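A short reminder: the numbers here are calculations on the coordinates, not readings from a lab. Please read these numbers as outputs of a predicted model, since none were measured by experiment. Here the Cβ positions follow ideal geometry from the backbone for every residue, glycine too, while neighbour counts run over all protein chains shown.
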Amino acid sequence: MTLALKIDRKQLRAGMRVAVAVSGGADSVGLLRALVGCAPEIGFVLAVAHVHHGIRGGAADADAEFVAELAEGLGLEFYLHRADTPGVALKQKQTLEEAGRHLRYAWFRALLAEGKVDAVGTAHTVDDQAETVLHRLVRGAWTEGLGGIHPVVSCARGVIMRPFLGTRRGEIRAWLDEIGQAWREDASNEDTTHTRNRIRHELLPRLAEFNPRIAEQFAHMATIARDEESWWEAELAKVLPSLVLPGRAVRGGGRSVSTRPGEGSVGMELERLRGLAPAMRRRVLRAAAEQLGCGLNFEQTERLMGMCAPDFGPGAAGKEQLAAELWAERTARELRLVRSATRREYVAPEPVVVMIPGEGTGMGVSLRLALTSGARPEIAAAILRAPRAGDRVRLRYSRGAKPLKEIFSRINVDAEARSTWPVLEWEGRIVWMKGAAVEADIPFAIELLE
């Protein structure tokens with residue numbers, strides 16, 4: 001068996017310089033070895049790109065060394081990028097996973113923009129595609145979100161490609177074993193406190209009991225969804241310019257547009273909206289909100305759909321608040337969306353980096369972190385911060401991680417205090433929370449100081 005035969009070759013051409021993003025894991029190592037196998041036949045030039053995210057301490061150093069040695073053994077140029085992921089996550093108020101992904105792709109685009117390579121190849125597989133589609137489905141994605149991972153992403157210069165999107169993860173590992181190629185395992189991939197890992201290790205295997213080819217089915221859905229979305233985008237582009245108009249209609253046929261920063265409005269003629277098929281009408285309404293910098297969920301969109309109906313409310317006019325700064329107004333002729341700048345933005349308390357070992361104070365608490373016996377001396381720092389949307393915590397003697405809303409209810413935290421309730425994040429997961437017994441396998445002890 002050779003995985004070189006299963007690579008999507010459509011984007012590969014003679015003379016192309018391709019950097020393979022290699023983390024050291026089985027998938028990326030497999031992609032590199034497979035591309036090495038078909039490079040002479042097609043005539044492209046390979047290089048290896050590795051990102052050291054500044055987390056996981058010595059394990060990350062070992063990963064970088066492994067990938068560098070692999071590149072040297074294959075006679076390939078090696079690009080190494082060191083990123084301060086914890087620092088960026090802290091500054092941008094992102095999770096480590098979000099910050100790491102943004103930093104990786106920013107560097108990939110920089111390699112392309114600088115002309116060092118013509119393409120960057122990442123090792124996303126059928127399994128990654130299935131996990132992505134299912135993750136987005138669980139989170140309530142619209143149809144465009146079900147397109148999942150795109151095979152090719154065009155950049156200002158060059159492309160990011162995924163030649164393994166038709167290959168299963170198990171096939172790659174079996175082939176690497178067959179050719180005697182080692183790879184590195186990342187222990188964080190087994191941590192089921194992360195939603196993505198729970199989908200990988202718990203939900204997809206359960207679904208596979210109903211359909212052993214469930215991963216392929218999700219991948220097929222993604223392909224169909226991308227083609228459908230491409231068609232819809234073209235159709236929407238024909239409608240929007242003449243239907244979604246800026247500002248408010250005024251006598252004489254013109255429109256009045258606000259010039260205040262952060263404010264804006266768009267109007268849509270009701271009769272034209274009603275003449276659209278429901279599928280197109282939803283897309284127009286969502287696109288109108290996006291022009292104001294706002295996103296609509298399903299419930300908000302359906303409220304707007306209701307406002308388009310002839311029998312909406314008492315009389316012809318009406319006004320509804322869709323979100324904190326987004327309003328919908330209906331007149332006899334138009335449906336308008338108005339974004340107001342008067343809302344006071346909530347500013348979360350600044351996160352605090354706590355070294356291990358070390359102490360930190362923030363959100364009204366002081367913590368002391370001390371390495372436990374046998375722990376390696378250099379591990380990533382922790383972050384003492386306020387809760388964020390999507391945070392989940394696993395309590396002792398409970399199954400699986402729970403959303404913070406549920407935890408707050410259990411420990412009787414009132415709504416006003418929840419936005420500044422202190423939690424401690426380490427390596428992308430919450431390992432301590434004030435007033436809660438958190439289940440966390442960590443190499444350090446946490447002491448709440450009085």
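Values as computed for the structure displayed
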quantity	calculated
Neighbourhood charge, 10 Å Cβ-Cβ cut-off, centred on Leu296 and excluding it, Lys, Arg +1 and Asp, Glu -1	0
Under 13 Å from Lys6, Cα to Cα: aspartates and glutamates that are on another chain or at least 8 residues apart	Glu171
Protection-proxy order for peptides 137-147, 160-170, each taking the mean of Cβ atoms within 10 Å per residue, highest first	160-170, 137-147
GNM flexibility winner over the chain from Ala99, Ala34, Ala279 (Cα, springs under 10 Å)	Ala279
Label-to-label distance, nm, for residues given as Glu178 and Arg9 (7 Å Cα→Cβ offset)	1.8
Intensity falloff of segment 95-181 expressed as log10 I(q)/I(0), Debye formula with alpha-carbon point scatterers, at q = 0.22, 0.23 Å⁻¹	-1.15, -1.16
Three-way shape label, the chain, alpha-carbon gyration tensor, a/c 1.5	oblate
Counting DSSP beta bridges with both ends in the chain, the antiparallel % (nearest 5)	75
Modelled FRET efficiency - R0 41 Å, Thr361 with Glu190, Cβ distances, 0.05 increments	0.80
Cα gyration tensor shape of segment 3-229, rounded if a/c is under 1.5, else prolate or oblate by comparing a/b with b/c	rounded
Cα-projected label distance for His102 with Lys402, points at 7 Å along beta-carbon direction, nm	3.1
Part-to-part distance (alpha-carbon centres) for segment 409-450 and segment 1-71, which is given in Å	39
Distance violations [Cα-Cα > 23 Å] among Lys10/Lys116; Lys10/Lys238; Lys402/Lys434; Lys93/Lys402; Lys91/Lys402; Lys91/Lys405	Lys10/Lys238; Lys91/Lys402; Lys91/Lys405
Reach of Lys319 by Cα under 17 Å, taken over lysines that are not fewer than 8 positions away in the same chain	none
FRET efficiency, Ser419 to Phe298 (Cβ-Cβ, R0 22 Å, nearest 0.05)	0.30
Rule-of-thumb Rg ratio for segment 352-449 [Cα; 2.2 N^0.38 Å; N residues]	1.05
Helical segments meeting 27 Å axial Cα length and Kyte-Doolittle -1.0 threshold in the chain (DSSP H)	214-243
